[in-house]
Amino acid sequence: MTRIIKYIFYDIVRTRFVLLYTVFLWVSTFALFQLDSDTSKVVLSLLNIVLMVVPLISIIFTTIHFFNSYEFIELMLAQPVNRKVIFLGEYLAVASSLCGAYVAGVGIPMLIFGANQSAVALLFTGVALTCVFVSMAFLASVLTRDKAKAIGIALLFWFYFSLLYDGILLWVVYSFSDYPLEKITLTLIAFNPVDLGRIIMLLQLDISALMGYTGAFYKDFFGSSLGILFSGSILFLWAIVPLWTALRIFIRKDL
Amino acid sequence: MISFKNINKAFGKLQVLNQVNLDMAAGKSYALIGPNGSGKTTLIKSLLGLVIPTSGEILFDDKRITNDWKYREKIGYMPQIGRYPDNMRIGQLFDMMKNIRQGHDKTDEELIDSFKLYKIYDKRMHALSGGTRQKVSAALAFMFNVPVFILDEPTAGLDPVSVEILKEKILHEKQRGKLMIITSHVLSDLDELASDVVYIFEGRIQYNDTIEKLKIETNEKRLGKAIATLIRQKELLASVTE
């Protein structure tokens, strides 16, 4: 399995798309550091890019990659190996190459200009979101045989988690603003990996004071080691559950 | 060695395989013939475990293949379209396949030599022509000294010299008592390579016997003509019974 991962990893790292992605992240981080030398402020500006771009690139690239390697996956499945091995091998190769591109693109300029705790948190959030959206892309890919349809489903996932869900959440908060909503919003946030990433980051940046009582409540919760454990494991679940579902479908799928 | 028992496969409403019963024995080579969309590829894919039949079972060496993968150690497969990761080198691909199929100490690199693939080990897959990729697929299929070969359109897209090299290899392996399953639309190739004909039409096996017998029955000398006559006879029979 390691050699399958290794060679697929080599293949992906050399694709133009991934190279461009790395360069894009590298240039944006670099440019933001030119505007401001305070790492925390740069991290805050980068956060918006990371929360939108990383999920989009991860989910679209993975879906396209899956369908481009369809014949190759077929050939590997005709070899004496378990389907599970090929599937997980593909996942690990794609996820690790995209995480690598992200860490190289964002991490290297940060190392040059000085990294602090919030920079590390941003790297962690980006890597976690990459893993989550790669696994969603695999789910979108096994749900249909049609490449265009799969890309559509993938985009829908991204659209829902990046834009729609926040709208729904805002609507809930406004409609029930007379009630204490802290615990409920906390639960609702756990249902969206992007929001979870955003909250983790905002609390790292010490701007939670701007968010009033709710901010203080979140700070109290997410600031504790229990909160970090909670958010970390929820993000982990967000990567595992779609991947596991996709694996179940893939094992019984006709290729 | 391989037997299909009452295989049915439907994709949605489309019945692709319909009560297929077929036995294949070692040392023979089977030409799988039928028009486009008749179920040839589905039959091959169900043998490889890529497609799971709706009902029926497939036995390989008297063992059911459902949820098993070990039996594929004994199969060399050459797909109809060989597409590989763009940036992978030929050498890397061979290395990866050898790694997947561990336990084969002695690999058969005859085709790599005769196609001169060792010269382009460092080339990346996206730089290869369709024919060269086909050669890579062929070399991979024959690499592991397996008793069963499944070749889906092996000669399509190859230049005449390479076709002859591949044919020679197939005949050589056949003489060594291997089981071959070959699909092709080039019937003159099959005439040389195969000993038996399996004719599939609309998911049913319409004819399954030796080529010699088919030629005698239809009174034709060439396989192409014999098949054409067979189809005409079947059509005639169908119109009479209707």
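Every number here is computed from the coordinates shown, using simple stated rules; none is lab data. For clarity, every value in this text was computed on a predicted model and none was experimentally measured. Methodologically, a virtual Cβ is constructed for each residue, glycine included, from the backbone with ideal geometry; neighbour enumeration extends over all protein chains shown.
When Rg and the Kirkwood Rh are both derived from Cα coordinates, the Rg/Rh ratio for region B:1-118 amounts to 1.01. Taking the Cα atoms only, what angle lies between the long axis of helix B:223-241 and the longest principal axis of chain B, rounded to 10 degrees? Value to nearest ten degrees: 40.
Based on the Kirkwood radius over alpha-carbon pairs, what value in µm²/s does the Stokes-Einstein equation return for the translational diffusion coefficient of region B:137-238 at 25 °C and 0.890 mPa s?
Numbers: Rh = 14.8 Å.
In µm²/s, the coefficient rounds to 166.
Comparing mean-square fluctuations of A:Phe66, A:Phe24, A:Phe176 from a GNM of chain A with C-alpha springs under 10 Å, the top value falls on A:Phe176.
Ellipsoid semi-axes for the protein assembly as shown, based on the Cα gyration tensor and the rule √(5λ), read 55, 26, 17 Å when sorted largest first. Beta bridges assigned by DSSP with both partners in the protein assembly as shown are antiparallel in approximately 55 percent of cases.
For chain B, excluding the exposed loop sites themselves (trypsin sites (Lys or Arg not before Pro), DSSP loop, at most 13 other Cβ atoms within 10 Å), the longest remaining stretch covers B:14-105. Taking 16 Å as the straight-line reach from the Cα of B:Lys70, the aspartates and glutamates in range (excluding those fewer than 8 positions away in the same chain) are B:Asp61, B:Asp62. Going by neighbour counts of Cβ atoms within 10 Å, the residues A:Tyr165, B:Tyr118 line up, fewest first, as B:Tyr118, A:Tyr165.
Derived scalar couplings between HN and Hα for region B:124-140 equal 8, 4, 6, 8, 8, 7, x, x, 5, 4, 4, 5, 4, 4, 5, 4, 5 Hz in order, rounded to whole Hz, by the Karplus curve 6.51 cos²θ - 1.76 cosθ + 1.60 (θ = phi - 60°), x for Gly and Pro. For the protein assembly as shown, a simple Cβ point-charge model (Lys and Arg +1, Asp and Glu -1, everything else neutral) yields a dipole of about 620 debye relative to the Cα centre.
Springs join every pair of Cα atoms under 10 Å in this Gaussian network model of chain A, and among A:Tyr91, A:Tyr70, A:Tyr174 the largest mean-square fluctuation is at A:Tyr174.
Looking at the calculated P(r) for region B:139-187, what percent of the C-alpha pair distances fall above 16 Å? Intermediate values should be presented prior to the final figure.
Numbers: 431 of 1176 pairs.
Value for region B:139-187 (Cα pairs over 16 Å): 37 percent.
What percent antiparallel are the DSSP beta bridges of region B:92-207, to the nearest 5?
Numbers: 3 of 8 bridges.
Counting DSSP beta bridges with both partners in region B:92-207, the antiparallel share is about 40 percent.
Quick check on chain B: of the DSSP beta bridges with both residues there, what percent are antiparallel, nearest 5%?
Numbers: 21 of 38 bridges.
Around 55 percent of the beta bridges assigned by DSSP in chain B are antiparallel ones.
Of all lysines in the structure, the ones whose alpha carbon falls short of 18 Å from that of B:Lys63, not counting any fewer than 8 places away in one chain, are B:Lys5, B:Lys45, B:Lys74.
Cross-chain or 8 or more residues apart, Cα under 25 Å: how many lysine pairs in region A:2-252 fit that? Count them up, please. Could you put the intermediate results ahead of the total?
Details: A:Lys6/A:Lys84; A:Lys41/A:Lys219; A:Lys84/A:Lys147; A:Lys84/A:Lys149; A:Lys183/A:Lys219.
Taking the Cα cut-off of 25 Å, the pair count is 5.
The value of relative contact order for chain A, using C-alpha pairs under 8 Å at least six residues apart, is 27 percent. The GNM of chain A, with springs linking C-alpha atoms under 10 angstrom apart, assigns the highest mean-square fluctuation among A:Ser118, A:Ser58, A:Ser233 to A:Ser233. Here B:Met1, A:Met201 are placed in order of increasing Cβ neighbour count within 10 Å, fewest first, which gives B:Met1, A:Met201.
What the pair-distance distribution of chain A shows, using all Cα-Cα distances binned every 10 Å from zero, is 7, 29, 33, 22, 9, 1, 0 percent. Per residue of peptide A:4-15, the mean number of Cβ atoms on other chains within 10 Å of the residue Cβ is 4. Here the translational diffusion coefficient of chain B follows from Stokes-Einstein with Rh set to the Kirkwood radius across Cα pairs; for 25 °C and 0.890 mPa s it amounts to 129 µm²/s. For the residue pairs B:Lys40/B:Lys174; A:Lys253/B:Lys106; B:Lys178/B:Lys225, alpha carbon separations beyond 23 Å are given by A:Lys253/B:Lys106; B:Lys178/B:Lys225. Relative to the longest principal axis of the Cα atoms of chain A, the long axis of helix A:147-159 lies at roughly 10 degrees.
In the protein assembly as shown, a dipole from Cβ-located charges (positive for Lys and Arg, negative for Asp and Glu) runs towards its positive end, and of A:Val42, B:Leu214, A:Ala104 it is B:Leu214 whose Cα lies farthest in that direction.
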